[in-house]
Structure formats: C-alpha cells, structure tokens
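Peer 1: Please read through the structure below; I'll follow up with questions.
The values are calculated or read from the model by the stated rules, or taken from the named source; none is laboratory data. Keep in mind that what you see is a predicted model, and the values were worked out from it rather than measured. Cβ: placed from backbone, ideal geometry, glycine included. Neighbour counts: every protein chain shown. What goes into the accessible areas is simple: the full protein's heavy atoms, side chains included, and nothing from ligands, DNA or RNA. Shrake-Rupley method; radii C 1.70, N 1.55, O 1.52, S 1.80 Å.
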Amino acid sequence: MHPQDERQLKLTRALQEADLDTVLAVLGPEMRWPLKQLRSNLRLVFAAAERDHVSLLHPPADFVTWLQGPLHETVKGPGTAKANTVVARLSTISRLYELLMDEGVVLRHPLRGVVRPPGERKVEKVPPREDIERLLVHARSDPALFAALTLMYRHTFQVAEMLALRWSAFRPEDGTVLRRRTLCQLDDDSYAALDRLLAQAGGPLSSPAGRIFPFENNDALRTRIFQVCREANLTFVNPAKLRKAGLRDFPLTPDQAGFIGDEAYALARELASRLSDEDTPAAP
C-alpha cells in the first residue's frame, strides 16, 4: 500500500472510531499548537462524538448545532466554558478539518463560514501603590535601577527613552531633563535619584559623558527588575504598568509626563484610572 493511502486509511479509521490519539499522532505536528493543548481542546469533542454516535468523518447537517454542547462544556458541567476556551476549541477543530481536507480524508469543511464568538478582553491591572513603594525600597541598594524605576514611576519615562538618556540632557542646576518630546522638570525624588548617579559618575564639575543608565537594553533592565521583585516577594512589575501607575498616582503636567498636549495626557490618565486596582483618587 502506498504510504499516503495508508495515512488516509489510518485517519479515516480514527475519525470513524473517534480515536483522538491516532489523529494527533498523524496530524498533531501540523496543527501549530503544543500537543497537550491540542488534546485539551479536542478531547471533549471526540468524547461527545463517540457518546452521541456523531460521525466526525461525515459530519451531519446539524453538526454545528451539535458541536455547541462539547464546545461549551467543562468538568463543571454544560455551558460553563469561558469565551476564550470556546474560541480556542473552535479554532483547533477548524484547523483539524483543514488538514483533513488537504489529506483527502473529508470532502467538505463542516465549520466553514461559522462565526466565532468574540473572545474575552483581559482586564489589565496596574500594581497598587504599596507594592511599588516596596519595590523601590528594595531597589535602593542599586542606584541605577532605583533611578530608572523612579523616572518610570514618577515621570512615566518609556524604557527606550530612558535608556537613551545621556548626561548632557540632565541639568542639575535646575533639575530638568530634556526628554524625547518635552523638557521635563523633575520632582524632588527623581532629581535626588539622578543626582546620586551623577555623583557616582564624578559629579557635575567632571562633565560626565555617555549614557546615564548602564543597562544594555530593555531585556537587561527587565531582568534586573525581575530579580528585585523576587527579593521583595512581589509579582513582576512590568515597566509599562509602572508608567500607568505613575499616571494614576501623580498629578503631573503634560511636560513632566512626556506628553506634548493636554488631550493625549488626559486620555492616558483616564485609561490608567480604569486599570487601577484602587478606588482612591490620585495622590496629591
């Protein structure tokens, strides 16, 4: 028997018997997802097909209607699957039938044209203020990291913008930093953090050159933050979330936050307030 014919026969029998193991053994490597995830997404569909005597090889006219049962089922019972789970299962089954058509095992795609339900939007939360303050306490022993976190939190510096900062952009005499878009007047904490780094670099009289921060790239900074978060027994504080927390916690001017106009700054603050874990207004 030709190898391709043997492959088709194996898949045909597997579909007739609702044999998920054999289907995944043959087609799993071509289905884009890890085997464990494929099995999780397809297990209930194959089990329901065997139980209800529904042919997966020759799906009946009401296949899509029947499919809603196993799509929405979990160990908790019928209709308990979340929207993202349903979407993942439907995507997996659809991909399976695409491959079965390519193999010549089925002649039509029973899910073609089916509208997938919208997935759930994950609500992103920014860290509470007390977690950030705890992180800053643990970061004080690393002046460069402490200054980086302080600028991101208190002046919403973006990572790329901050890592590109050079000493020539900092004016210690008036506490300003020339940012990518604005001239930023630093608050006292941010000024003190940068002034401490400047002293390590030789002080203002030495006119230090080069970049302010020693981190080679975004990954190096994130790794250092991750290490300190572990020391502080905190969940990793993403720099983007740290910036959003700053918008929530400090009533900055647009220039201080790196925004060119009032409208963009107002929209950013509104978003940050919606993502907040806290119900209290921004701190003065």
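Peer 1: Which members of region 203-243 meet the condition of being without any contact (Cβ under 8 Å) to a residue 40 or more places away in the chain, surrounded by 12 or more Cβ atoms within 10 Å (Cβ to Cβ) and not in a helix (DSSP H, G or I)?
Peer 2: 203, 236, 238
Peer 1: Let me ask something else. Can you name the number of the only condition in (1) over 28 Å from residue 61 (Cβ atoms); (2) buried (at least 21 other Cβ atoms within 10 Å of the Cβ); (3) over 20 Å from the mean Cα position of the chain (by Cα); (4) not β-branched (Val, Ile, Thr) that residue 152 fails?
Peer 2: Only one criterion in (1) over 28 Å from residue 61 (Cβ atoms); (2) buried (at least 21 other Cβ atoms within 10 Å of the Cβ); (3) over 20 Å from the mean Cα position of the chain (by Cα); (4) not β-branched (Val, Ile, Thr) is unmet by residue 152, namely (3).
Peer 1: On to the next question. With respect to the numbered conditions (1) free of Cβ contacts under 8 Å to residues at least 60 places away in the same chain; (2) exposed (fewer than 14 other Cβ atoms within 10 Å of the Cβ), which one is the sole condition not fulfilled by residue 183?
Peer 2: Condition not satisfied by residue 183: (1).
Peer 1: Looking only at region 5-24, which residues are open to solvent by 70 Å² or more (accessible area, probe 1.4 Å) and either farther than 21 Å from residue 53 by Cα or part of a loop (DSSP other than H, G, I, E, B) (or both)?
Peer 2: Residues satisfying the conditions are 5, 6, 17.
Peer 1: Considering only residues that are without any contact (Cβ under 8 Å) to a residue 60 or more places away in the chain and in contact with a helix residue (DSSP H, G or I) (Cβ under 7 Å, 6 or more places away or on another chain), look in region 123-147 and name the one that is most open to solvent (accessible area, probe 1.4 Å).
Peer 2: The extreme case among them is 140.
Peer 1: With the condition kept exactly as written, say whether any residue in region 25-38 is over 27 Å from residue 118 (Cα atoms), open to solvent by less than 30 Å² (accessible area, probe 1.4 Å) and touching a residue at least 12 places away in the same chain (Cβ under 8 Å).
Peer 2: Taking every residue of region 25-38 in turn, at least one turns out to be over 27 Å from residue 118 (Cα atoms), open to solvent by less than 30 Å² (accessible area, probe 1.4 Å) and touching a residue at least 12 places away in the same chain (Cβ under 8 Å).
Peer 1: Of all residues in region 244-268 being assigned to a loop (DSSP other than H, G, I, E, B) and open to solvent by less than 50 Å² (accessible area, probe 1.4 Å), which is modelled with the lowest pLDDT?
Peer 2: Among those that are assigned to a loop (DSSP other than H, G, I, E, B) and open to solvent by less than 50 Å² (accessible area, probe 1.4 Å), it is 261.
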